[in-house]
Amino acid sequence: MTDTLVESSAESAFLDLHKKLLEQGRSALAELQVTALSRFEELGFPHSKHEMYTFVNTKGLVATSFSLPDGSASVSEDFVASHIYPDCKDQCLVFIDGVFDRGLSRCEGVNSNLMPLSEADEEVKAYLSETAENENDVFASLSTAFCDEGLVFKVEANTQISGTVQILFVSTGNTAGSVMHTPRIVWQLGKLSEIKVIEKFVGTEGGYFINSVQDWLLAEGAGVSYTQVQMDSIGSWHFSKVRVYLNRNARFHSSNASSGNQLARHHYEVRLKEEGSEIRLNGVSVLDDKEQVHNFVRIHHEAPQCISHQHFKNIVNGHARSSFDGTVIVCQGAQLTSADQLVNNLMLSNDCHANNKPNLMIFADDVKCTHGVTVGQIDEGQWFYLQTRGLSAKAAKELLTRSFAKSIIETIEFPEVVEELNDTLLKKLEARND
């Protein structure tokens, strides 16, 4: 069967699935769903030469028959508690199979900041409608088309949320077949507001597709520290899109740590709309066997004197695959832009793959922009030196690989996350037999 026939069949299957969704009753977001479904039909599933999916093979995903969550899944309080960071126990929002679960959440400190997406103000509703009509990622359109309800987290002007807010996404899978979950959060930050957020994605078993979309709308001077931890079950798919809009002097500092799964893809779309705004994106992935992590980044410098900084590191072993496809667009008039991209890849086997495509599109003449990529193996000189100092060959190799990843992990400002990643993500780098 050709790729075209597979994609056409998959699109029909999702359209049929959407009809089943409608049969369950009218959603509070029905109009938005219809707009997104129309856009999904326009875009169609990506072919192998699609700009956004140059390095991502979605054939297996689109050929999988998905079902809707039936709401019968249950997750124990002990399981949820085991994935909540100590500093977040009083401010943790829990999503089960893409749906906000107030019963399992602990939101006393931020309850006044929360509202259903269907009850958002007119500004947010207009934004959602516009983004749905102009969506450029077919999977984000698919997510919106199947999203019955979402959450708005609003921070008023001149307000600093104390402590750290954790978002825990738990996917349960389904032994009877694959299930798609579509969580949606809009973060609306007022002038000079601040928040710190940790997000964690976990699963109780495989066989699910979590397809999330989040929007960050930052007013003048707002600040965000945002860390994502992707630890989904191995036999799952994980797609996420994060949109960030930054007004004057707003700043958004983000870190992403990925353990990989059957197929993980992170899409960042950032617009620095007014002077003085700043975006920092760091990412680290540790992959083995046939795990995959793909990062797709588009940063638009639309105003003068803005800063974007990107640093991604991938450790790839076995038959694993990683990719980075990142473009910085400096628009006409965006003078005094400062932008840099750096992607480092450490290859630990002859069968793994790391694809990289950094790109600059500059339409202003007074800018400072750089990009770079490295792909290599363990430094033989350093490896030999450590062995001369008494370490075994395997222990020396582990030390070097751990150090490679730690340089990103230690930029995360949440000590509890750093500690967990040292115990879990880096554990995958334990010395192996040659």
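Look at 300, 294 and count the other Cβ atoms within 10 Å of each Cβ; fewest to most, that gives 300, 294. The charge dipole of the chain, taken about its Cα centre with unit charges on the Cβ of Lys, Arg, Asp and Glu (plus for the first two, minus for the last two), comes to roughly 900 debye. So, in Å, what gap is there between the alpha-carbon centers of segment 359-374 and segment 268-286? So the two Cα centres are separated by 15 Å. Listed values for segment 369-376 are Karplus-derived 3J(HN,Hα) couplings in whole Hz (6.51 cos²θ - 1.76 cosθ + 1.60, θ = phi - 60°), namely 10, 9, 8, x, 9, 10, 9, x, and x replaces Gly and Pro. Going from the fewest other Cβ atoms within 10 Å to the most, the residues 272, 429 appear in the order 429, 272.
Projecting the Cα atoms of 29, 223, 94 onto the charge dipole of segment 1-253 (Cβ charges, centred on the Cα centre) puts 223 farthest toward the positive pole. Of the residues 412, 161, 195, the one with the fewest other Cβ atoms within 10 Å heads the list, and the complete ranking is 161, 412, 195.
Sorting 204-210, 365-371, 72-78 by their mean Cβ neighbour count within 10 Å, with the most densely packed peptide first, gives 204-210, 365-371, 72-78. Net charge of the neighbourhood of residue 52, taken over other residues with C-beta under 10 Å away and scored Lys/Arg +1, Asp/Glu -1, is -1. Counting only DSSP beta bridges whose two residues both lie in the chain, roughly 5 percent are antiparallel. In segment 259-366, Cα pairs under 8 Å separated by at least six residues give a relative contact order of 27 percent. Here the chain is treated as a Stokes sphere of Kirkwood radius computed over C-alpha pairs; at 10 °C and 1.306 mPa s its diffusion coefficient rounds to 71 µm²/s.
Bear in mind that the values in this text are calculations on the coordinates, not laboratory data. Being a predicted model, the structure only gives us computed values, none of them experimental. Note that each Cβ is placed from the backbone with ideal geometry, even for glycine, and that neighbours are counted across all protein chains shown.
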